[in-house]
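Data block below; observations after.
Nothing in this text is a laboratory measurement; each read-out follows from the coordinates by a stated rule. It should be emphasised that the depicted structure is a prediction, and the values quoted were computed from it without experimental measurement.
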Amino acid sequence: MKTKFIGDKSRINLFVDALMLILLMPIAGIGILIKYVLVSGVKRNIVYGKHIDLNFMGLDRHQWGDIHFIISLIFLLLLVVHISLHWIMIKNIFQRIIPNKIVRYTTGSIFGITCLTMLVFSIGVSPELTARYPTYRNEKIFTDQQNIADPIDRKQTQLLTTNQTDSPENENCKEEILNKTTFNFQQINGSQSLSSVAKTYHISIEELASELNIPISLKEEKIGRLKKQYSFTMNDIRMAVKTLSKNKK
């Protein structure tokens with residue numbers, strides 16, 4: 001009976017190891033695809049020109065990133081199964097390497113806490129907001145980040161979005177700010193939703209959806225998926241944001 005169990009355990013272990021190897025290949029392959037084929041930002045503009053979106057098998061780099069994430073989670077789950085199947089062997093080897101019980105427990109605890117920290121460190125953290133500036137000569141870049149970079153600019157943004165009746169002086173100030181305020185084309189990408197774009201640029205989600213002929217019920221869907229279904233480009237949504245922002249005057 002024991003021999004049969006050992007044999008079954010070996011077959012299970014072989015199956016798990018084979019699955020891990022199979023999953024490891026697309027993890028590396030998709031990483032290479034995102035890094036060197038579906039390039040983003042300045043490199044994409046230089047190689048393919050502006051206002052071009054890159055896809056492979058109908059999916060953009062953000063969607064391939066989602067697939068990469070899912071495969072990584074499955075791989076991590078199989079790794080836990082793999083370790084559990086070898087736990088007795090791992091424990092025995094660890095005992096031989098570090099005979100002292102206190103040192104062994106301390107080392108194991110530090111190792112486990114380090115691994116767990118690297119896994120969950122991104123949960124609950126907030127991104128750093130950095131102002132973006134023109135990267136090409138004579139290129140019109142529209143960015144709302146300038147309003148975040150400087151406390152004075154933040155005040156100006158609040159003035160632009162107020163619903164109170166303004167004096168002629170404030171109206172002139174608003175017009176001047178709107179003329180100077182720019183929105184960065186690179187701020188809007190396929191991984192965002194219509195709702196997040198409307199919130200970022202302080203415009204109506206209903207008006208934005210109407211401009212692009214997209215049902216309001218899809219406001220939380222990623223732009224990368226919507227533009228394939230409703231045949232609009234990233235430049236179309238950027239120009240819609242620009243138009244709606246100017247209409248707020």
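A simple rule links phi to the HN-Hα coupling: the Karplus curve 6.51 cos²θ - 1.76 cosθ + 1.60 with θ = phi - 60°, which for the range 17-23 gives 4, 5, 5, 4, 5, 4, 6 Hz, with x for Gly and Pro. Couplings 3J(HN,Hα) for the range 25-31, derived from phi with the Karplus relation 6.51 cos²θ - 1.76 cosθ + 1.60 (θ = phi - 60°), are 5, x, 4, 5, x, 5, x Hz, where x marks Gly and Pro.
The Cα atoms of the range 9-118 give a gyration tensor whose axes a ≥ b ≥ c have a/c of 1.5 or more with a/b greater than b/c, which makes the shape prolate.
Each part gets one Cα centre, and for the range 189-211 versus the range 62-136 those centres are 36 Å apart.
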